[in-house]
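Worksheet: the structure to be examined is printed underneath.
Bear in mind that the values in this text are calculations on the coordinates, not laboratory data. Because the structure is predicted, anything quoted here is derived from the model rather than measured. A quick note on method: Cβ atoms are made from the backbone with ideal geometry, for glycine too, and the neighbour counts reach across all protein chains shown.
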Amino acid sequence: MKQLSVCLTLLMLFSPLSLSNDKAIENIIKELDGSALSHAEMKKELIWFSEKGTRFKNKTITVVSEDIPTHRWERDVLAKHFKALTGININYDIIGEGSVVESIFKQMSHGVHLYDIYVNDADHIGTHSRVQGVVNLTEYMKTEGRKYTNPDLDLNDFLNLKFAQDYDGNQLQLPDQQFANLYWFRYDWFTRPDIKKKFRAFTNKKYGKGNGYELGVPVNWAAYEDIAEFFSNTKIDGKQVYGHMDFGKKSPSLGWRFTDAWLSIAGAGDTGLPNGTPVGEWGIRTVNRIPRGSSVERGGATNGPAAVYALQTYIDWLNKYSPPEAREGTFLDNNIVAAQGNVAQQIFLYTLWLSEPEFNSGKMLDSNNKPVWRVAPTPHGRYWEKGMKVGYQDAGSWTIPKDTKGGKRAAAWLWAQFCVSKSVALAKFKAGGTPVRKSTLQTKWVQKNKQKYGGLIEFFQSDAIHKWTDTGLNVPHYPLMFRAWWPNLDQAIDGRITAQQAMDNIAHSQDAIMGKLQGLKYSPKLNKKSSRSYWLNQPGAPKPERKRDAPMTMEYKDVMKRWTKTH
């Protein structure tokens, strides 16, 4: 017995996984409660993290992200599991997205080390490709980071890996979570016979008898506007409701309301995925990777008729059809206000909020405990053409500044991979509703529960995700150029300047900034100014003014057929 005891002691000392760590791994597996992996596969992956991470035991990694449920869960749950596995401490700051943008800009531009790793939107990929201030993960995984790269990372399993790649396909960021802007509506109201009858009468009166149309999912802004007007002037079960919900408070999120592809949804840019060629969603003309101008006079579309139409429509809908408090809200609160039960539709809902309790309890559930709402494709504006991007996706991505070096870089890379590993991906999706892996969506749990997401799972599993894209490579310096947006938008909302003046200011500011961005890879080279009429008469964007198009709706079941083709 004494010899057996000695043997067991020696086995524990020299085994790559101690019994105490084995218990910790089993606890983690139990608490994560499900994965795309089997129990044995999860254990294997977690053992790998433990073995690679213990050499950095007691090292502290500083992390920062924006404030959304997914990242709060990473901070409150995953950081503890990672510490138990590796001994690495995670100091996780959660701050406003605007502050995240300013921090990474300061760190890259001024050499002030603030954080070891960021969750930085892949919207910044054009900046990172030019400034060259972050670690090229493709190179890192082949060289010094090879031994710290999870053999089961499985990059092909990521939903939108290309969002975080440079022009040559190098991975500069690793997607950590993603969400889309989709159309949200009260399915229960839209399918009620009495409401449908009233809507038909409303449209017959508006367009002439025989020219009315059915209440359904709006295909274009003209139909969305009609539906907004109808519900804002129709009581549902004796109660006042609103036909539209948005947010308008002066804050960085007001800028994202537009740079998150509102101009492209209106149709301001050109055809071609992912972002429009040569004119993309910020209205910037880019030729052979070189930005050439933002204003119409330089061949851009930021202040063209379609962009002005996009802003004016936003202002009109905000004032006419949304609750009075909408103008004082940001994306953090107004995306959830629709769940109070007095809003019929929302054209621009960030889907990360659909996992929040407000959308999954009380008035938002029917007698069968299923949501009364659904999500559907984003309606497009009058300048939109087939072949253009349809909407926006956000991919918050792990981003390592170049001044994070050596052991800190390796430990940060291990942490990033742990947060997107197959072992934790399903649990993180349950917590935040922001999937990053295809295998997560294919799990039995997600497929069994997909009805509670009102069409979101179908969206992510379809080829539609390739038509909802992030801000692309052609925005050369996101942190600097973004500053021009929300102050000017706020002035237009308040009526201090016109929509045309606001977009003129933004376009000329972007031109001025690009004109100074020298010495970067693919530095901008502005076109010489020409007349507006010259560029508006050229094919594609910028596009001359168009009249209102005919409203179009579709039945929800027909809309969903578009989301049955898998990618």
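Tabulated data
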| read-out | value |
| --- | --- |
| Label point distance in nm, ALA512-ASN204, each placed 7 Å from Cα along Cα→Cβ | 5.6 |
| Computed label-point distance, nm, for sites LYS363 and ARG496 using a 7 Å Cα→Cβ extension | 3.4 |
| Computed FRET value (nearest 0.05) for LEU153 with ASN211, which takes r as the C-beta separation and R₀ as 51 Å | 0.35 |
| Of LYS57/LYS448; LYS452/LYS547; LYS59/LYS521; LYS444/LYS561, those spanning more than 31 Å from alpha-carbon to alpha-carbon | LYS57/LYS448; LYS452/LYS547; LYS59/LYS521 |
| Bins of 10 Å from zero: percent of alpha-carbon pairs in the chain | 3, 17, 27, 25, 16, 7, 3, 1, 0, 0 |
| Enclosed volume per residue, in Å³, of the convex hull spanned by Cα atoms of region 50-141 | 111 |
| Relative contact order of region 276-418, defined on C-alpha pairs under 8 angstrom at six or more residues apart (%) | 11 |
| Distance between modelled label sites at GLU144 and GLU555, nm, 7 Å Cα→Cβ extension | 6.2 |
| Acute angle (nearest 10 degrees) that the helix 39-53 long axis makes with the longest principal axis of the chain, alpha-carbon atoms | 80 |
| Placed amide H near LEU365: partners under 5 Å, 5+ positions off or other chain | VAL372 |
| Cα centre as origin, Lys/Arg/Asp/Glu Cβ charges: region 421-567 dipole, Debye | 660 |
| Among 311-318, 231-238, 119-126, the order from most to least packed when residues are scored by Cβ within 10 Å on average | 119-126, 311-318, 231-238 |
| Relative packing of 87-98, 211-222, which averages over residues the other C-beta atoms within 10 Å, highest first | 211-222, 87-98 |
| Relative contact order %, the chain, counting alpha carbon pairs below 8 Å whose residues are six or more apart | 24 |
| J(HN,Hα) series, region 421-432, from Karplus relation 6.51 cos²θ - 1.76 cosθ + 1.60, nearest Hz, glycine and proline x | 5, 4, 4, 10, 4, 5, 4, 5, 5, 4, 6, x |
| Most to least packed among 520-531, 378-389 [average Cβ atoms within 10 Å] | 378-389, 520-531 |
| Equivalent ellipsoid semi-axes, region 473-567, via Cα gyration tensor eigenvalues times 5, rooted, Å | 32, 21, 18 |
| Residue-averaged [θ]222 nm for the chain, counting only DSSP H segments that reach four residues, each worth -39500 (n - 2.57) | -12000 deg cm²/dmol |
| Rounded tilt (10° steps) of 97-110 against the dominant C-alpha axis of the chain | 70 |
| Surface/4 estimate of mean projected area, convex hull on alpha-carbon atoms of region 249-342, nm² | 7.1 |
| Dipole magnitude of the chain about its Cα centre (Cβ charges: Lys, Arg +1; Asp, Glu -1), debye to nearest 20 | 700 |
| Cα-based helix-to-principal-axis angle, 2-14 vs the chain, degrees rounded to 10 | 40 |
